[in-house]
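Nothing in this text is a laboratory measurement; each read-out follows from the coordinates by a stated rule. Predicted model only: the values in this text are computed from it and were never measured. Positions of Cβ are generated from backbone atoms using ideal geometry, with glycine treated the same way; all protein chains shown enter the neighbour counts.
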Amino acid sequence: MIRILKWSPEMCVGFEAMNDDHRRLIALTNRLITAFYAGVGDGVVTLYFHDVLNGLRDHFREEEAWLAQCGDPGLAEHRAEHAAFLADLAGFSLPGEGGALLRRLCDWLTSHMAAMDGGHPPPEEDGETAFQDGGMPVS
């Protein structure tokens, strides 16, 4: 059985809106884990999995915009890692591979947040680049 994910200080990235979004992804993943092991039914598990995928897609888009603002020289590699992870998740089938999918999802989220997402300054606070509520940059 996969354990519920817990937020830890190692996952903090120095930008509270991104931390909040990471916490949201953990909550979505935990809801999926709970549903899978509670046996609520394939339809609910599939719905929750799609919620996680949509949350990841939205988060990656926002995170990549943030990294672009920071002038991160590793943005292309980061973007490629996001794309590869989404493609990897799409290769699993539910419910048969649910346990393996959950292990992959949990392992990747915790290692990616701790290893790849830190060390960047928060976005600038001007009208061109300020983030609102953790969302996309204001134009």
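Just a few scattered comments:
- Nitroxide proxy distance, nm - points 7 Å out along Cα→Cβ at F92 and A68: 2.9 nm
- Spin-label model distance (nm) - D107 vs C12, 7 Å beyond Cα toward Cβ: 2.9 nm
- Centroid-to-centroid, using Cα positions, region 93-110 and region 16-72 are 13 Å apart.
- Per-residue ³J(HN,Hα) for region 13-18, Karplus 6.51 cos²θ - 1.76 cosθ + 1.60, θ = phi - 60°, Hz, x for Gly and Pro: 10, x, 9, 4, 4, 6
- Among the trypsin sites (Lys or Arg not before Pro) found in region 3-68, those both in a DSSP coil and sparsely packed, with 15 or fewer other Cβ atoms within 10 Å of their Cβ, are R3, K6.
- Chain lengthening between N54 and M1 when straightened (0.36 nm per residue, less Cα-Cα): 16.7 nm
- Charge tally in the Cβ shell below 12 Å around R61, where Lys, Arg are +1 and Asp, Glu are -1, R61 excluded: -3
- As a proxy for reagent exposure, M18, M1 were ordered by neighbouring Cβ count within 10 angstrom, fewest first; the result is M1, M18.
- Among the chymotrypsin sites (Phe, Trp or Tyr not before Pro) in region 29-88, none sits in a DSSP loop with a Cβ that has at most 15 other Cβ atoms within 10 Å.
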